[in-house]
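Data block below; observations after.
All of the numbers you see were taken from the coordinates with simple rules; none came from a lab. What you see is a predicted model, and the numbers here were worked out from it, not measured in a lab. So basically every Cβ, Gly included, is an ideal-geometry build from the backbone, and we count neighbours across all protein chains shown.
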Amino acid sequence: MTQPTTPLLQHLYPTILAGGVGTRLWPRSRKHLPKQFQDLTGNGRSMLQEAYDRVTPLVPPDHVYVITNHEYVDMVQAQLPDIPTANIVGEPAARGSAAAIGLGAIHLLHRDPDAIMAVLTADHLIRKPDTLRETLIAATELAQTGELITLGIRPSYPETGYGYIEMGDTLGQFRGMEARRVRRFREKPDLATARAFLAAGNFAWNSGMFIWRADVIMAQFQRFMPELYQALTAIQPTLHTSEAETAFARFWMPLQGNVTIDYGVMEKADRVAVFPVDLGWYDIGSWAALLDVLPKDDAGNVVQARHLHHDSRNILVFSKDRLIATIGLQDMIVVDTDDVILVMPADRAQDVKKIVQALQENGLNEYLE
């Protein structure tokens with residue numbers, strides 16, 4: 001898919017969120033090298049680079065923006081050398097996805113008052129990138145009318161780890177793709193509720209990807225998050241000037257909370273639309289997710305190590321250097337880094353955050369850095 005020259009895409013700016021630390025993929029994901037900067041899938045590209053690769057057939061590199069922590073700006077530049085330095089936006093402190101998106105929006109409006117923002121993330125695996133690009137084109141067309149658009153993933157099983165989008169009436173076809181009105185966002189369900197959602201047929205997984213006009217999302221911040229809006233509008237005139245650091249210290253740092261865009265805006269807004277799509281989408285948020293999606297050997301094992309086993313099935317083994325030998329393991333995860341060995345059942349992968357919390361409480365931060 002080559003870069004279109006249509007007027008429709010002249011104002012499209014894919015904006016990749018890449019600021020997290022990825023604690024659920026500890027001990028491989030650390031503060032000095034979070035998961036988005038690593039090659040987790042074994043294809044030779046980091047997750048951030050994969051996110052970039054998915055959009056550059058659609059827009060030129062200078063239309064791609066990355067929102068990250070200020071500590072990672074140099075790392076982003078090293079991994080994505082074709083992006084102008086001005087397009088890599090470093091937050092001085094994390095204030096949640098709503099604030100990160102707002103920071104991206106004022107950068108886009110500083111450049112282009114007609115900017116359309118496609119909010120993407122650096123921790124997704126998407127096996128159908130052509131479909132993503134087609135959906136972004138369709139969503140760009142709809143976004144021009146002032147809609148807030150989210151991408152919903154057609155559910156293939158009753159997942160309890162994702163939020164859901166309840167879909168309403170059809171809004172029409174855009175570039176051959178159906179858009180529907182969002183009735184409401186639903187929290188992560190229990191299994192019975194997830195099965196009911198799947199059976200109903202009008203629910204989609206909430207992917208955390210959005211498309212909207214930058215001025216429209218700013219109007220939503222003004223309505224629903226006035227403190228954030230005031231901070232952003234105070235910072236915007238100082239962007240790319242010597243006054244920016246002072247403005248961030250004065251207006252950004254006092255912002256309270258860690259508010260998500262879903263809670264801050266999307267659950268309250270009026271004109272919210274969804275494109276339900278099959279992108280071959282996976283949220284790489286845990287070791288169990290990698291066990292689910294990466295290629296397996298004949299025993300169902302995901303192996304990124306020198307590994308010998310006897311009667312071990314459906315396990316993930318990662319090690320940079322050591323030979324890992326397993327006997328009789330099933331549905332397990334074994335992760336070996338230079339200074340840590342993590343062993344757990346695959347269905348307890350979400351509990352990694354409890355180990356991270358224990359390390360913090362016991363002053364063992366060297367294992368998190």
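Here are some notes:
- Among Thr326, Thr85, a tally of other beta-carbon atoms within 10 Å of each Cβ gives an order, fewest to most, of Thr85, Thr326.
- Cα gyration tensor category, rounded, prolate or oblate, for region 7-283 with a/c compared to 1.5: rounded
- Segment Ala299-Met344, extension gain: residue separation times 0.36 nm, minus the distance between their alpha carbons: 14.3 nm
- Residue-count net charge about Leu80 - beta-carbon cut-off 13 Å; Lys, Arg +1, Asp, Glu -1: -3
- Efficiency of FRET from Cβ geometry, His240 and Gln77, R₀ 25 Å, rounded to 0.05: 0.95
- Glu178 paired with Ala192, simple spin-label distance in nm, labels 7 Å along Cα-to-beta-carbon: 3.0 nm
- Remark: spin-label model distance Asp53-Asn314 equals 3.0 nm, labels positioned 7 Å along the Cα→Cβ axis.
- Note on Asp39 and Leu8: their simple-model spin labels are 3.6 nm apart, each label 7 Å out from Cα toward Cβ.
- Packing-based order for 99-108, 185-194, 275-284, using average beta carbon neighbours within 10 Å, highest first: 99-108, 275-284, 185-194
- For a modelled paramagnetic label at Asp278, 7 Å from Cα along Cα-to-Cβ, the residues of region 154-174 in reach, with backbone nitrogen under 13 Å, are 154-157.
- Under 5 Å, built H, 5+ apart or other chain: amide partners of Ile324: Arg306, His307, Leu308
- For Met332, residues with placed amide H under 5 Å, excluding near neighbours: Ile315, Leu316, Ala346
- Euclidean distance between Cα centres, region 260-337 to region 160-177, Å: 26 Å
- Paramagnetic reach from Glu369 (point 7 Å along Cα→Cβ, amide N under 17 Å) across region 30-72: 30-34, 71-72
- When the square roots of the Cα gyration tensor eigenvalues are ordered a ≥ b ≥ c, the ratio a/c for region 320-366 is 1.5 or more and a/b does not exceed b/c, which makes its shape oblate.
- Long hydrophobic helices in the chain: the complete DSSP H runs spanning 18 Å or more by Cα along their own axis with mean Kyte-Doolittle hydropathy of at least 0.0 are 97-111, 129-143.
- ³J(HN,Hα) computed for each position of region 157-171 - Karplus, 6.51 cos²θ - 1.76 cosθ + 1.60, integer Hz, glycine/proline x: 7, x, 6, 9, x, 10, x, 10, 10, 8, 9, x, 5, 6, 9
- Were the residues from Thr131 through Leu323 laid out at 0.36 nm apart, the gain over their Cα-Cα distance would be 65.1 nm.
- In sequence order, calculated HN-Hα J values of region 17-30 (Karplus, 6.51, -1.76, 1.60; Hz; x Gly/Pro): 7, 9, x, x, 9, x, 5, 6, 9, 5, x, 6, 7, 10
- Rounded FRET efficiency, nearest 0.05, which uses the C-beta distance separating Asp62 from Gln144 and R0 of 25 Å: 0.70
- Shape of region 266-369 from the C-alpha gyration tensor: oblate (a/c of 1.5 or more and a/b not above b/c, with a ≥ b ≥ c the square roots of its eigenvalues).
- Ordering Gly20, Val55, Asn87 by Cα displacement along the dipole of region 7-283 toward the positive end leaves Gly20 in first place; charges were set at the Cβ atoms of Lys, Arg (+1) and Asp, Glu (-1).
- Computed from the C-beta positions of Arg250 and Arg306 and an R0 of 56 Å, the FRET efficiency is 0.55 to the nearest 0.05.
- Close amide-amide hydrogen proximity is noted between Arg95 and Ala100, each under 5 Å apart and 5 or more residues distant or on a separate chain (H modeled in the peptide plane; Pro and chain starts excluded).
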